[in-house]
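Enquirer: Starting off with a structure, shown below.
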Amino acid sequence: MTLRIGISESAKRTTALNTVVCALILLAVTAGSASAQFPDLLAFGQQPRIDEFRNSLAPNVGSPDHAIERMLQVANLKPGETLYDLGSGDGRILIAAAKRYKVKGVGIEISSSLAKQSAEEIRKAGLQKRVKIIHGDFMKTDLSEANVVTLYLATTANETLRPNLEHYLRPATRVISYDYPIPGWKAIETSETDGYQGAAHTIYVYQIPASLKK
Ligand SMILES: C[S@@+](CC[C@H](N)C(=O)[O-])C[C@H]1O[C@@H](n2cnc3c(N)ncnc32)[C@H](O)[C@@H]1O
């Protein structure tokens with residue numbers, strides 16, 4: 001017998017994200033030995049995909065559109081500012097921010113296919129002068145130009161990323177994290193997204209203090 005419990009769409013996304021995070025960790029751990037045992041896995045130019053798995057800190061599960069809207073509202077964006085989306089997926093956050101708030105956008109995405117796809121969406125939207133995608137690892141990227149950083153990773157990924165945020169980000173930079181807090185940081189604001197069927201997701205708003213020692 002199958003037990004059916006009503007799970008909201010947003011709860012399903014979180015569950016899906018957590019499941020994929022586990023699968024990703026498993027893949028990253030096994031990728032090296034798997035490629036040695038099964039050289040055919042590396043055929044057809046697949047080597048970069050294994051490297052992408054190794055360095056990936058979160059799977060591709062996009063933020064829902066209503067959450068993107070709320071994240072951008074609480075980010076308090078001003079025209080001309082620069083938003084960095086770390087792990088920019090399909091680029092929807094950057095496109096929405098550039099269209100609605102007239103900001104510049106930089107997305108950093110480790111997946112070559114997503115980086116390509118999002119760059120194409122940006123081009124179709126005519127935003128290529130203001131929004132760019134860096135195909136790379138946000139752990140190896142200078143973030144110092146950001147006024148706002150958006151994240152939809154996982155708590156452990158946020159913890160790994162935190163020293164880089166502290167190293168690069170200037171005082172007053174806002175960091176908006178969907179669904180997962182940044183361990184060791186105190187949010188200046190939290191906001192619940194409109195839940196579907198009653199469940200709500202938290203958006204954490206942080207701001208780099210003037211006194212942060214570098
Ligand atoms: C949960 S998705 C979020 C996508 C988008 N920011 C959104 O909210 O819709 C996380 C993204 O981070 C990317 N990613 C994971 N680790 C990364 C890394 N080290 N550097 C760059 N991108 C990474 C994944 O490929 C995935 O597209």
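The values are calculated or read from the model by the stated rules, or taken from the named source; none is laboratory data. The model shown is predicted, which means the values in this text are computed figures rather than measured ones. Note that we place each Cβ from the backbone using ideal geometry, even for glycine, and neighbour counts take in every protein chain shown.
Enquirer: For residues that are in a loop (DSSP other than H, G, I, E, B) and within 8 Å of the ligand (Cβ to nearest atom), tally how many sit in segment 55-86. Step through it out loud before you land on a result.
Expert: Narrowing segment 55-86 to residues in a loop (DSSP other than H, G, I, E, B): 56-64, 75-81.
Filter once more, keeping what is within 8 Å of the ligand (Cβ to nearest atom): 56-63.
So the answer is 8.
Enquirer: For segment 144-180, name all the residues that are surrounded by fewer than 20 Cβ atoms within 10 Å (Cβ to Cβ) and within 15 Å of the ligand (Cβ to nearest atom).
Expert: Kept after step one, since they are surrounded by fewer than 20 Cβ atoms within 10 Å (Cβ to Cβ), are these residues of segment 144-180: 144-145, 155-156, 159-160, 162-164, 166-168, 170-172.
If the condition is that a residue be surrounded by fewer than 20 Cβ atoms within 10 Å (Cβ to Cβ) and within 15 Å of the ligand (Cβ to nearest atom), then 155, 156, 159, 160, 162, 163, 164, 168 are the ones that fit.
Enquirer: Identify the residue in segment 87-107 that is over 14 Å from residue 151 (Cβ atoms) and assigned to a strand (DSSP E or B) and, among all such residues, is farthest from the ligand (Cβ to nearest atom).
Expert: 104
Enquirer: Moving on to the next point. What are the residues in segment 126-178 that are in a helix (DSSP H, G or I) and hydroxyl-bearing (Ser, Thr, Tyr), if any? Step through it out loud before you land on a result.
Expert: First pass over segment 126-178, keeping only residues in a helix (DSSP H, G or I): 138-140, 155-168.
Selection gives 155, 156, 160, 168.
Enquirer: Tell me whether segment 58-78 contains one or more residues that are farther than 23 Å from residue 204 by Cβ and more than 13 Å from the chain's Cα centre (by Cα).
Expert: We begin by selecting, within segment 58-78, every residue farther than 23 Å from residue 204 by Cβ; these are none.
Within segment 58-78, none of the residues are farther than 23 Å from residue 204 by Cβ and more than 13 Å from the chain's Cα centre (by Cα).
Enquirer: Show the residue pairs meeting these rules: Cβ distance below 6 Å; 6+ apart or different chains; first residue within segment 129-148 and assigned by TED's automatic domain parsing to the domain that holds residue 113; second residue among the basic types (Lys, Arg) and crowded, with 16+ Cβ neighbours inside 10 Å.
Expert: Every condition considered, the pairs that remain are 130/104; 148/174.
Enquirer: Let me ask you something else. Identify all residues within segment 179-202 that are over 17 Å from residue 153 (Cα atoms), outside any strand (DSSP E or B) and modelled with pLDDT of 95 or more; write none if there are none.
Expert: Answer for segment 179-202, where residues must be over 17 Å from residue 153 (Cα atoms), outside any strand (DSSP E or B) and modelled with pLDDT of 95 or more: 186, 188.
Enquirer: Same structure, new question: Could you count how many residues in segment 114-143 are within 22 Å of residue 175 (Cβ to Cβ) and more than 10 Å from the ligand (Cβ to nearest atom)?
Expert: Within segment 114-143, residues that are within 22 Å of residue 175 (Cβ to Cβ) and more than 10 Å from the ligand (Cβ to nearest atom) number 6.
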